[in-house]
Amino acid sequence: MKDGKSSELNKVLITWLKLRLSEGVELSGDLLRAVRGEKRSADKEAAATFVHEFTKLVTDEKSSPEQVHNPDEAALFWKSTPRRTLAPDDAESRIGYKASKERVTVLCCSNAGGTCKCTLLVIGKSLRPRAFEGMVQLPVIYRANKNGWMTTEITSKWFFENRFVPEATARCNSVGLDRDCKILLILDNCPAHANVELVKSNVCTVRLRPSCTSPIQPPDNGILRSLKCKYCAIFMTRLLSASNRGRPVQEFLKTFNLRSMALRMLGNLSRPRL
């Protein structure tokens, strides 16, 4: 298979191919072209059906925007510098820097009203990062596995043992809703969510259909992009500030670690509003 321009897209595509092959689906170029051609019309039909069903559910349950939550995750290359820079036409070629491939997965979750933004969940590859030694509390929830990806185990622990249930419940209570009011959690069709039944007392889950995730799910329509852009702006501000003080860029990148990322960067993005 020919590699695309995005290594991350390649990984996602390979994961999808393996999943379909494990289900016994015979994949071919003709099938892939057919699926691609049907996507636009299938999305509209599936999205319209889901919107109708979900609207009925929210109406029947008398749920407010405070009670409806949606999580989603994305890869973040937390030490990556811009691929291009500005320079005059007559300037000499500039020394470039090899793009960093250090990646974490970041899961964000907020309610439909935008008033509750749960603590960010960050997934790395190191189980006990040396950079975190001596830190009593992090501004984010940190978990790890060998690939730095979301897993069903991490999803379950985030829901049951970490922040989602208490944070969502506390927010609902703070606006005068009943202590046992129902909380809806909308999940996409990510394989890490596929086999997880997240049900706890007054919290229930709603599954998005596979073909209608991107046009409906809020994080796919600007929230995750905004998160990454804000992170990049903070990261580059620190890098340029260090450079202006005479510190070489490579030296800054060597000392910029997970602690810097979590404490000084993502911590600033974990405030109540986006």
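What the table shows:
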| read-out | value |
| --- | --- |
| 14 Å beta-carbon shell around Ser64, net charge (K/R +1, D/E -1) | -1 |
| Distance (nanometres) between label positions extended 7 Å along Cα→Cβ at Lys254 and Ser214 | 4.2 |
| Inter-label distance, nm, simple model (7 Å from Cα along the C-beta direction), Ile14/Glu53 | 3.4 |
| Residue order, fewest to most beta carbons within 10 Å, for Arg179, Arg259, Arg247 | Arg179, Arg247, Arg259 |
| Computed lengthening from Asn189 to Met236, 0.36 nm per intervening residue step minus Cα-Cα distance | 13.5 nm |
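Every number here is computed from the coordinates shown, using simple stated rules; none is lab data. Quantities reported herein were computed from a predicted structural model and do not represent experimental measurements. Using ideal geometry, Cβ is built from the backbone for each residue, glycine included, and neighbour counts are taken over all protein chains shown.
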